[in-house]
Amino acid sequence: MKKREWYLAALLCLVLLTASCSGEEEKDVLLKMTFLDTGKSDCIVIEAGESVVVNDTADADDGEAICAFLDERQTSRIDYLILSHFDKDHIGSAAGLIKRFEVGQVLMPDYEEDSELYLALMEALEETGTAYVRLREDVSFSLEGTDFYVDAPDEPSYDNDNNYSLITVVINGDSRFLLMGDAQKIRTEEFLDSPAAGVRYDLIKMPHHGDYNKKLKELFLTSRPQYAVLTAGPERQRVEEETVSLLKTSRCGVFYTDEGVVTATSDGKNVKVLQE
């Protein structure tokens, strides 16, 4: 089955599943997406009703802060842990989270990394018996009225590890969120050719902490985001002038995590973004 046909069929199944689980009374499920302030690293906690998805786990020294946030939310289980790729600023605290919390399943790209953090991740998965999948194809799942579509890389190998990034789409009613990992030009181009592109997104998590690539302009033209979030350190050394110019031209609301935790919420119709 072609990728576009597969995506449409999967999305239809998710819609039918959501409708069947809602019963006679139709409800808007509140979605909360929190972009933690962990410097030049990614950790995004997505709460769909009582379900929790964590997208990336920042650096190794961010583990305590991530656990504290999840404990404050009274989280005992992470339904899905999505690791966009294996750079240290994305899997730094993964092993610790897997050992600390019950994790339903880990989604990761299909390659290996020669690093201590990657080895610690694999050891934690084996030690705890946590299920994991190396994605060679796109995958969809639904949690309490919120649909997730994880776009896998098209090629088996890349010169730059950032292009292995899993790109995650989150849909809550009419609200759409796009989490780009560290996708660079090749990976962004792949996404633009996917069935998940060409639609409006309320919010984009910018790729690679603000690095610019020539496909970002096309991405913004098609997605027309209302908000953009950048995971950046205080000096913002990696937020390039071309990116700043693109964000100004798009007239979207821009949030930098070095200024505080960013929280986006959706009631299924409207998206609100606040910063602490």
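Laboratory data are not the source of any read-out in this text; all were calculated from the coordinates shown. Bear in mind the structure is a predicted one, so any value in this text is a computation, not a measurement. Cβ sites come from the backbone with ideal geometry, for glycine too, and all protein chains shown count toward neighbours.
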query: Using a ≥ b ≥ c from the Cα gyration tensor of segment 45-194 (square roots of the eigenvalues), is it rounded, prolate or oblate, where a/c under 1.5 gives rounded and otherwise the larger of a/b and b/c decides, a/b for prolate?
result: oblate
query: What nm distance separates the two modelled labels at Arg136 and Glu240, each placed 7 Å from Cα along Cα→Cβ?
result: 3.3
message: 7 Å from Cα along Cα→Cβ at both Glu64 and Glu259: what's the point-to-point distance in nm?
response: 2.8
message: Nearest 500 deg cm²/dmol is fine: what mean residue ellipticity at 222 nm does the chain get from its DSSP H runs of n ≥ 4 alone, each adding -39,500 (n - 2.57), divided by its residue count?
response: -8500 deg cm²/dmol
query: Which value in nm describes the separation of the simple spin-label points at Arg73 and Lys248, placed 7 Å from the Cα toward the beta carbon?
result: 3.5
- line: Rounded to the nearest 0.05, FRET efficiency between Ser115 and Leu192 (Cβ-Cβ, R0 35 Å) equals 0.70
field: Highest-first arrangement of 152-162, 258-268, where packing means the average Cβ count within 10 Å
entry: 258-268, 152-162
field: Set Lys214/Lys272; Lys99/Lys272; Lys214/Lys248; Lys40/Lys269; Lys40/Lys214 screened for pairs whose C-alpha atoms are more than 26 Å apart
entry: Lys214/Lys272; Lys99/Lys272; Lys40/Lys269
Distant-in-sequence amide H partners of Thr57 (H built 1.01 Å from N, under 5 Å): Ile91, Gly92, Ser93
- line: Checked against the structure, the computed mean projected area of the Cα convex hull in nm² among [x] 16.9; [y] 20.4; [z] 13.8 is the one labelled [z]
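Computed FRET efficiency, Cβ-Cβ of Val199 and Glu50, R0 45 Å: what is it to the nearest 0.05? Let's see the in-between values first.
Values: r = 28 Å, r/R0 = 0.62.
The calculated FRET efficiency here is 0.95.
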- line: Restricting to aspartates and glutamates and to Cα separations under 14 Å from Lys88, and discarding same-chain partners fewer than 8 apart, the set is Asp42, Asp56, Asp59, Asp61, Asp62, Glu112, Glu113, Asp114, Glu116, Asp161, Asp182
task: Arrange the following residues from fewest to most other Cβ atoms within 10 Å of their Cβ: Asp87, Asp138.
output: Asp138, Asp87
message: What does the C-alpha gyration tensor say about the overall shape of segment 119-188? Classify as rounded when a/c is under 1.5, otherwise prolate if a/b is larger than b/c, or oblate.
response: oblate
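How much of the DSSP beta bridge set in segment 117-276 is antiparallel, as a percent to the nearest 5?
70
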